[in-house]
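Novice: Structure provided below as structure tokens; questions to follow.
Please treat every number below as a calculation from the coordinates, not as lab data. Bear in mind that the values here come from a model prediction, so they are computed numbers and not experimental data.
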Amino acid sequence: MELAYYSDLAVRLVNSEEPSRGTDTLTSVEAVRALFGESQQAARRTTDADVTRLRSVRARLRAVFEAAAGGDEVLAVDLLNALLIEFPVSPQISGHETRDEDGRPDWHMHIADYAANAGAGYAATASMGLAFHLTELGADRLGICEASPCRNAYLDTSTNRSRRYCSDRCATRANVAAYRARKRLDAERSAAERSRRQDHGPTGLTADAAQETSPAMDR
């Protein structure tokens, strides 16, 4: 479904904050306008009030991703439905691109923005896009990055539903951390084995036991 691409707006909004790192880029009108991307007409309507509006929506969208990532798709759907009720959308047929050399329009669905303010319009579009993504591809396609301390949201578009990280950078960092953890575990096991051998000797007995069982030299 073509409308699913609007789900990127939800990801963009959620990831404007990184709670585990204590960072938040959604602090100004300019930051809100940047979220809209190419939608300059909607961005121009942004006011200071939209910063507060979208921060509230951001927390609710993150809850959708966290519920889906945690395997509770019913909760994810309930949370998303609440957003859809509060921020309704107006689907619209658009044909601004041509389909062939005859100039016939390439008709497709858009989400028209008739909201009272920029924040509500963004919330409606992002929520509907996420809803299409969830229903078309599955709730398990909504994820939260597993690379500590990152908790960014992502949309899994892999063919085998195997994505676990929000970016290649996080995947590399997690793989390196896992490799180092394995090396530490191997080193600890090797050290423990060396210590055991020193305590028990090559025959598997302790040093005292080995002395007691050895034949007397003067017999």
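Novice: Considering every pair of different Cα atoms, what Kirkwood radius, in Å, is found for segment 1-48?
Specialist: 11.8 Å
Novice: If you don't mind, another one. Cα centroid distance between segment 69-124 and segment 22-37, in Å?
Specialist: Segment 69-124 and segment 22-37 have Cα centres separated by 21 Å.
Novice: List every residue whose amide H lies under 5 Å from the amide H of Asn152, counting only residues 5 or more places away in sequence or on a different chain, with H placed 1.01 Å from N in the peptide plane.
Specialist: Result for Asn152 returns Cys145.
Novice: Using Cα-Cα distances under 8 Å and only pairs 6 or more residues apart, what relative contact order does segment 31-142 have, in percent?
Specialist: With pairs under 8 Å counted, the relative contact order is 28 percent.
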